[in-house]
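This report concerns only the one structure given below.
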Amino acid sequence: MSNGIVTIQDVEKEYSLGATVVKALRGVSLTVEKGEFISIAGPSGSGKTTLLNLIGCVDTATRGDVVVAGKNTAQLSERQLTDLRLNTIGFIFQSFNLVSVLSVYQNVEFPLLLQDKLSSGERKKRVESLLEQVGLNTHMKHRPNELSGGQRQRVAIARALVTDPLIVLADEPTANLDSQTGQAILDLMKSLNQQKGTTFIFSTHDHKVMRYANAVVRLADGKILGRESPELAVAHAVGMDAPAAPVQAAS
Amino acid sequence: MISRTVLLLRIAFRNLMVSPINLLIGALILFGTLVFVLLGGLLDSLSRSMERSVVGSLAGHIQIYSAASKDDLALYGQFGNDSDLKAITEFPKIQEAISKIDGVQMVVPMGVSGALITSGNIIDLTLERLRDLVRARAGQGGREELTSLSKEELDAQIHAEILHLRQIIKVLRGDADRAMADMLSARAVDPHNLEALHRVEKDEFWDGFEADPLGTLEFLENRIAPIVTDTTLIFLRYVGTDLDKFQHSFDRMKVMKGQAVPAGQRGMLISDLIHEEQMKLKTARRLDKIKDALANGRVIATDDELKRFVKENRSQTRDIVLQLDALKTAEMVKALQDALGSKETELDHLLSALLDTTDENFQKRYDLFYALVTPRVRLYRVNVGDVLTIKAFTRSGYVRNVNVKVYGTFAFSGLEKSMLAGSTSLMDLMSFRDLYGYLTADKAEELKEIQKDTGAKTVSRENAEAELFGEGAEVVAEATPGIIDPDTAITSTGRRLREDDLIKRVYSQKELDDGVMLNAAVMLKDARQIDRVIKEIQRVSDEQNLGLKAVSWQKASGLLGQIINVFRVLLFVAVAIIFFIAMIIINNAMMMATIQRTQVIGTMRAIGAQRGLILAMVLIESVVLGVLFGGIGMLTGSGVLGAMAMKGIAAPNDVMYFFFSGPRLIPTVTTGPLVIALVIILFVTVASTFIPAWMATRISPLRAMQADE
Ligand SMILES: Nc1ncnc2c1ncn2[C@@H]1O[C@H](COP(=O)(O)OP(=O)(O)OP(=O)(O)O)[C@@H](O)[C@H]1O
Ligand SMILES: [Mg+2]
């Protein structure tokens, strides 16, 4: 295994719920290379979100190493973890998580303001170009609650990408969208991945979504079952998930 | 950095719009700030105007008095008593030391005290006049205006006074008859008095006057004068002071009637308010008050107080009737009959009719009263030019009588109607010292010398009374105080001469400075230096062993000076309660808001916001809330104050004249309360939000991943 952009080695994650200990991840190893468009799939409770949290530096492993962009997260302070998130990772959330009191433009600008690296002119150019890429340059002054779910997720995608991060993490990005809108979002993500070479890691338990990935990492009960092609993964997934709808082709 | 602050402000403003509870908090902060700025501003203005009143009327900027005094100095009295101060005898030294302090303009020696003055009843006064006339006729001296009269003129005046006395006796007899007619009050009439009245009513009694005028007068004095009980005791509070310095230092003081006391001379200026309120003929005073009230829009028909005044005026005509002799009575009856178109022949009924004032006829009757009645009677019990006999208990426990000439009346401009400022009259230092009766060491020595020379007895305190009233006691009197009561000791003629002499005498500044005083006002060039100069005075006093205590005008005015502070404390308590409630609500609201915004805050943390930013975000939100609504409160408060300043606030009553330092309070908007308000708001908002803000910083970025609950 080469030194990927994300390297996870024998990682265990335990949550303690009172006296009992829940083992969310039990010895997971995974390498993600730059530019991958990778899906983490598995049934509910299998540990998808837990894994993304570790990669996203919002949580640390109980045991094992998580190395993101060359940094071992276990050795970083809270402050350094925050900086790492700000500068190398973009987040897309299942429920969009936009700041409702800020406009579309301001939501996208937010991470740039946190970084405080660019002048306001550069920021403006950057934000506008991203909003154009997600097709929302006409809605810059809107508030999130004036947008549809799909539009909101586009704003979230623009926000995740505005800092030009190495990795974009998306935890079930289409779960709150109808399937058509979901597909459009995945198309957008995919095209951005192809244009910019940004690494995308997204979780799903929906095999329609898995199809978009270059590779699918299948999780079950806190363990990686394997890293497979989407077709294989979908075939495996049919057996364990709810009755599959007729498979639709990716765009 | 700047753009990040802008972002946080933007978030803060927008979050404020979202939550309706912020309106409640805002309203509370607005109200609290408004109350604080408005009432605080009013209190500040009040305090400043009161400062003008106190500083300008009696206290000066700083008061000094002996540190060994029993009481603290309370210039306006404390619980109705004057404070017991230890006398200061080294004024020249003190003055020199304090005048050297930078910023001191003048040191004005003072002593506040009070005494009863009797303005004798009408029969006393008439008898005294008659006695003077008789004495002048017999060539026994007396006032110049009498001794210069011819015998015929004196005879005529004596005759007129006799007629007046007989008129008074007739009125008294009438009173007694009426009392006898009533079974209940009949017992109250002393048969002894009745017998005396019967006797002096007869012509035979008066036929004997020429044979023995003084004996006749003595009988009247002993038997008839006591029947008239309307002797008035007037309590006169006075401040003994260096009158020239006083007039220069307290430039709001103005002479209302008469003139200032000539430089260096003995004499007094009576407070014009006391002169009007307590020394004026009651009927005239009531008419004045009704006139004032009508000018202020009140009406007799519906106003209980004014109705009472009219009723009292109608029934209490005796004060006037008693003052007139037969001649004047007849004159006035005629004049009133003409004026009122009445056929009534009894003067008291005519007066009663004249004084039956209504809203319609008031002005006419008022003018008639002042045209027909007042020229024929004594309008004031004490007039400019009178020599008042002031009785006071000296420090050594004796009653002393000191005669002081009244040169005029005075008031402090703007405070003409204020009883607080106007309750104190002014007296020269020499007379004050006589009344105070303190013996300085060298004066005592001097007195001893004189006594040795004349072979007079030294009167010890214990047996003074026996000595003084004992047979042939011969005691020396001294203008400067001693423990001897000179009035009792010297024969009347001698006394009179000596007093005339005293009244005319001009004292040097050294004589004025060299003697006892109780306190002194220190006038400054700049009122803002009070604290510094007080410290300096204390230091100088310690260095030179002067034993002084220096206090600000505020402290010196006793309870009065504390009133504003009491109100200020009340205001602070009220505002503190308002802001405390605001703090609790802010704390709760921000706690709720933080819990509600868990996901947003988690998201911000996840995408790279440090804890500090979250802390700032929550704090800024309530600071913005506070400053925004507090700002509106400040603007409104200042606006209202400004609007009030345009017209001023009218003093609702005479007491407030003092606090308003005039008829109107002109509030001023100062930055002081605004700055304090801002500090309070910042403190309140930050302190009340600190816990929720800290809580917010503890929200884990993991919360971003979790679906909304
Ligand atoms: N904060 C937590 N405290 C305790 N247990 C947790 C916590 N987060 C996750 N778990 C447990 O860890 C396991 C893995 O959870 P995780 O959320 O990673 O699953 P998931 O694959 O994302 O499921 P879903 O598809 O429902 O989102 C589950 O058994 C879950 O109950
Ligand atoms: Mg999950």
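What follows is calculated from the coordinates using simple rules that are stated; it is not laboratory data. Keep in mind the model is a prediction, meaning the values are calculated, not measured. No Cβ is skipped: glycine too gets one built from the backbone with ideal geometry, and neighbour counts run over all protein chains shown.
Relative contact order, percent, of chain B when contacts are C-alpha pairs under 8 Å separated by at least 6 residues? Show your work: numbers first, answer last.
Values: 1078 pairs, mean separation 199.9, N = 709.
In percent, rounded to a whole number, it is 28.
Each of B:670, B:689 has some number of other Cβ atoms within 10 Å of its Cβ, and from fewest to most they run B:670, B:689.
In terms of distances greater than 26 angstrom between alpha carbons, the cross-link table entries A:13/A:196; A:71/A:208; B:334/B:417; B:328/B:364; B:257/B:291 yield A:13/A:196; A:71/A:208; B:334/B:417.
Under the classification rounded if a/c is under 1.5, otherwise prolate if a/b is larger than b/c and oblate if not, where does segment B:121-230 fall, given a ≥ b ≥ c as square roots of the Cα gyration tensor eigenvalues? Numbers along the way, then the final one.
Numbers: a/c = 2.75, a/b = 2.41, b/c = 1.14.
Because a/c hits 1.5 or more and a/b exceeds b/c, segment B:121-230 counts as prolate.
In whole Å, what is the distance between the alpha-carbon centres of segment A:115-135 and segment B:532-550? Answer, in whole Å: 73.
Just in segment B:108-154: which trypsin sites (Lys or Arg not before Pro) are loop by DSSP and have at most 15 other Cβ atoms within 10 Å? The partial results should precede the final answer.
On the way: sites: B:129, B:131, B:135, B:137, B:143, B:151; in loops: B:143.
Loop-located and lightly packed - B:143.
For B:695-703, what's the mean count of beta carbons from other chains sitting within 10 Å of each residue's beta carbon? Walk me through the numbers on the way to the answer.
On the way: counts 0, 0, 0, 0, 0, 3, 10, 6, 2.
For this peptide, the per-residue mean of nearby foreign Cβ atoms is 2.
Note on segment B:121-230: with charges restricted to the Cβ of Lys and Arg (+1) and Asp and Glu (-1), its dipole about the Cα centre is near 180 debye.
For chain B, the longest principal axis of the Cα atoms and the long axis of helix B:122-137 meet at an angle of about 50 degrees.
Do any trypsin sites (Lys or Arg not before Pro) in segment B:5-83 lie in a DSSP loop with no more than 10 other beta carbon atoms within 10 Å, and if so, which?
Working: sites: B:10, B:14, B:48, B:52, B:70; in loops: B:70.
The qualifying sites are B:70.
Between the amide H of residue B:106 and those of B:523, distances stay under 5 Å, these residues lying 5 or more places away or on another chain, with hydrogens modeled in the peptide plane.
What is the sum of charges around residue B:698, taking Lys and Arg as +1, Asp and Glu as -1, for the other residues whose C-beta is under 12 Å from the C-beta of residue B:698? Around residue B:698, the charge tally is +2. Among the trypsin sites (Lys or Arg not before Pro) in segment A:70-139, those placed in a DSSP loop whose Cβ has at most 14 other Cβ atoms within 10 Å are A:117. Kindly identify chain A as rounded, prolate or oblate by the Cα gyration tensor criterion: order the square roots of the eigenvalues as a ≥ b ≥ c, call it rounded if a/c is under 1.5, otherwise compare a/b with b/c, prolate if a/b is larger, else oblate. Verdict is oblate for chain A. Pair-distance distribution P(r) for the protein assembly as shown, from all Cα-Cα distances in 20 Å bins starting at 0: 11, 26, 20, 13, 13, 12, 5, 0 percent.
Using helices alone, what [θ] at 222 nm do you get for chain B, with -39,500 (n - 2.57) per DSSP H run of 4 or more residues, divided over all residues and rounded to the nearest 500? All intermediate terms of the calculation are to be shown ahead of the outcome.
On the way: 32 runs with 404 residues, N = 709.
Result for chain B: -18000 deg cm²/dmol, rounded to the nearest 500.
More than 17 angstrom separation, counting every C-alpha pair in segment A:129-181; what % is that? Could the numbers behind the result be given before it?
Working: 526 of 1378 pairs.
So the portion of pairs separated by more than 17 Å is 38 percent.
With θ taken as phi - 60° and the Karplus curve 6.51 cos²θ - 1.76 cosθ + 1.60 applied, the whole-hertz 3J(HN,Hα) list for segment A:92-98 is 10, 9, 4, 9, 6, 6, 8 Hz, x standing for glycine and proline. Compactness of segment B:1-118 was expressed as the Cα radius of gyration divided by 2.2 N^0.38 Å, which yields 2.01. Counting 0.36 nm for each residue step from residue B:694 to residue B:539 and taking away their Cα separation leaves a gain of 50.7 nm.
The mean number of partner chain beta-carbon atoms within 10 angstrom of a residue's beta-carbon across peptide A:49-59 is 3.
Given +1 at the Cβ of Lys and Arg, -1 at the Cβ of Asp and Glu and no other charges, the dipole of chain B around its Cα centre is 4000 debye to the nearest 20.
From other protein chains only, count the Cβ atoms within 10 Å of every residue's Cβ in A:100-106, then give the mean.
On the way: counts 5, 11, 5, 2, 0, 0, 4.
Mean number of neighbouring Cβ atoms from other chains: 4.
Computed from Cα positions, the angle between helix B:671-697 and the longest principal axis of chain B comes to roughly 30 degrees.
Name the shape class, rounded, prolate or oblate, that the alpha-carbon gyration tensor gives for segment A:90-159, where a ≥ b ≥ c are the square roots of its eigenvalues, rounded holds for a/c under 1.5, and otherwise prolate holds if a/b is larger than b/c and oblate otherwise.
Working: a/c = 1.74, a/b = 1.45, b/c = 1.20.
Prolate, because a/c is 1.5 or more and a/b exceeds b/c.
What separates the Cα centres of segment B:1-69 and segment B:283-342 is a distance of 52 Å.
If the chain between residue B:105 and residue B:251 were fully stretched, how many nm would it gain, using 0.36 nm times the residue separation less the Cα-Cα distance? If you can, show how the numbers build up before the last one.
Details: separation 146, 0.36 × 146 = 52.56 nm, distance 1.33 nm.
Difference between extended and current length: 51.2 nm.
In order along segment B:233-241, the Karplus-derived 3J(HN,Hα) couplings, from 6.51 cos²θ - 1.76 cosθ + 1.60 at θ = phi - 60°, round to 9, 10, 8, 10, 8, 9, 10, x, 7 Hz, and Gly and Pro are given as x.
Rounded to 0.05, the FRET efficiency of the residue B:2 and residue A:74 pair, given R0 = 35 Å and the Cβ-Cβ distance, is 0.45. Under 5 Å from the amide H of residue A:92 lie the amide H atoms of A:169, A:170, A:171, each residue being 5 or more positions distant or on a separate chain, with H modelled from the backbone and absent for Pro and chain starts. For segment B:602-614, backbone phi angles converted through the Karplus equation (6.51, -1.76, 1.60; θ = phi - 60°) give residue-by-residue couplings of x, 4, 4, 4, 5, 7, x, 7, 6, 4, x, 5, 5 Hz, Gly and Pro being listed as x.
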